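Participant: Encoded as structure tokens, here's the structure I'll be asking about.
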Amino acid sequence: MPCLDLPLDKLKSYSGRNPCPADHDRFWEDALAEMRAVDPRPELVPAGFQADGAQCFDLWFTGTGGARLHAKYLRPAKTTGKHPCVLIFHGYTGSAGGWFDKLGWTLQGSCVAALDCRGQGGQSTDPGVIRGTTHHGHIIRGLDADSPHQLYYRQVFLDTALLARVVSALPEVDGDRLGAYGFSQGGALTLACAALEPRIRRAVPVYPFLSDYQRVWEMDLAKDAYAELRTYFRHFDPLHEREAEIFTRLGYIDVQHLAKRIRGDVLMLTGLMDGICPPSTQFAAFNKITSRKDVVIYPDFGHEGLPDAHERISQFLRGL
């Protein structure tokens, strides 16, 4: 079998390279306390797109730093009783996407909420109240700030947990039957959401991003989605005098260090030929999960469409 990364037996025991800050747990407890103090002021606005069997809304709510966040929210047209809810997180620089591909969840009797990450390709605003994308640079945003509390992904990780809180408060949603999934960045946000919101019962991260940054660097794969790591060193630390400090600060937003907090069931999908989010970085997070978990391995696939992935996700989340 071709091998881009470690052999499979070593992947299953790999524990990661990126350092974890000594105050990591306190950092995230403080962050969650800040999030819980926010009044999200949710607003449901009927969407221009509607379909038989579903009701579609633009969901707006306020996150940390005053960002006004947007998600596409759909619920079954017949909302008698409580329904499970599936949270969807999108890939890097993207958006929540269209409405049509989310209708299948409502036909299965679930509500669904797909978040637009702040400052990326959707409608959510950034703390500067700017709508739209900054395209790249999100990993390194906040690295030079006075405090790691200003890291961009700290806010986005909190946004995922706040979305779970907001939808759980809707009268048609059973807050104890929440699921989440996403690909790449969406896979990372799925792990972050499940770690920060213990009511996430089932989670499906597909080749998750934002894990084990130092391993990415050492494999010389700081390109494509991770290219800004190389750009940062070249522009701001060309002699790597601050390398240990930089990777330690990135440890606050490394999903492998949050994974131990996950309580729900996890199904990870990964390709062993992934040259964008290397398999070892994904397993660094997966191996730290202590709840019930499984992984589906595609030996010949990389960071791309995986056969039957959506069917596997659907079947796994039907158990909510």
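Participant: Kindly indicate whether ALA180 is assigned to a strand (DSSP E or B) and either crowded, with 24+ Cβ neighbours inside 10 Å or free of Cβ contacts under 8 Å to residues at least 12 places away in the same chain (or both).
Facilitator: Judged against the criteria, ALA180 is a match.
Participant: Of all the residues that make up segment 101-120, how many are over 15 Å from ASP159 (Cβ atoms) and touching a residue at least 12 places away in the same chain (Cβ under 8 Å)? I'd like the intermediate steps shown before the answer.
Facilitator: Here is the first cut: in segment 101-120, the residues over 15 Å from ASP159 (Cβ atoms) are 101-112.
Narrowing the set further to residues that are touching a residue at least 12 places away in the same chain (Cβ under 8 Å) leaves 102-112.
Residues flagged as over 15 Å from ASP159 (Cβ atoms) and touching a residue at least 12 places away in the same chain (Cβ under 8 Å) within segment 101-120 amount to 11.
Participant: A further question on this structure: Being in a loop (DSSP other than H, G, I, E, B) and either of a type in the set (Ser, Thr, Tyr) or in contact with a Leu (Cβ under 7 Å, 6 or more places away or on another chain) (or both) is the filter here, so list the residues in segment 39-72 that pass it.
Facilitator: The answer is PRO40, PRO42, GLY53, GLY63.
Participant: So which pairs qualify, if the first residue must be in segment 274-303 and under 20 Å from PHE316 (Cα atoms), the second must be assigned to a loop (DSSP other than H, G, I, E, B) and of a type in the set (Val, Ile, Thr), the Cβ gap must be under 8 Å, and the two must be at least 6 apart or on different chains?
Facilitator: ILE289/ILE262; THR290/ILE262; SER291/ILE262
Participant: Hey, ALA225 hits all of (1) hydrophobic (A, V, I, L, M, F, W, C); (2) under 24 Å from ARG141 (Cα atoms); (3) at pLDDT 95 or above; (4) in a helix (DSSP H, G or I) but one; which does it fall short on?
Facilitator: So the condition that ALA225 fails would be (3).
Participant: Counting only residues that are outside any loop (DSSP other than H, G, I, E, B) and of a type in the set (A, V, I, L, M), which one in segment 73-100 is farthest from TYR152 (Cα to Cα)?
Facilitator: Result: LEU74.
Participant: Out of curiosity, is ASP159 more than 21 Å from HIS303 (Cβ to Cβ), part of a strand (DSSP E or B) and either at pLDDT 95 or above or not hydrophobic (A, V, I, L, M, F, W, C) (or both)?
Facilitator: No; evaluated as a whole, the condition is false for this residue.
Participant: For PHE57, which of the numbered conditions (1) surrounded by 15 or more Cβ atoms within 10 Å (Cβ to Cβ); (2) under 21 Å from ARG165 (Cβ atoms); (3) touching a residue at least 24 places away in the same chain (Cβ under 8 Å) fails to hold?
Facilitator: (3)
Participant: Taking the condition in contact with a Ser or Thr (Cβ under 8 Å, 6 or more places away or on another chain), under 30 Å from ARG177 (Cα atoms) and assigned to a loop (DSSP other than H, G, I, E, B), does PRO208 pass?
Facilitator: Numbers: in contact with a Ser or Thr (Cβ under 8 Å, 6 or more places away or on another chain): yes; under 30 Å from ARG177 (Cα atoms): yes; assigned to a loop (DSSP other than H, G, I, E, B): yes.
For PRO208, the condition - in contact with a Ser or Thr (Cβ under 8 Å, 6 or more places away or on another chain), under 30 Å from ARG177 (Cα atoms) and assigned to a loop (DSSP other than H, G, I, E, B) - is met.
Participant: From SER95, SER110, grab the single residue that is over 24 Å from LEU32 (Cβ atoms), buried (at least 20 other Cβ atoms within 10 Å of the Cβ), more than 18 Å from the chain's Cα centre (by Cα) and among the hydroxyl-bearing types (Ser, Thr, Tyr).
Facilitator: SER110
Participant: Give the residues of segment 279-303 that are under 17 Å from the mean Cα position of the chain (by Cα) and part of a loop (DSSP other than H, G, I, E, B), sorted by residue number.
Facilitator: Listed by number, the residues that qualify are LYS288, ILE289, HIS303.
The values are calculated or read from the model by the stated rules, or taken from the named source; none is laboratory data. Computed from a predicted structure; not experimentally measured. No Cβ is skipped: glycine too gets one built from the backbone with ideal geometry, and neighbour counts run over all protein chains shown.
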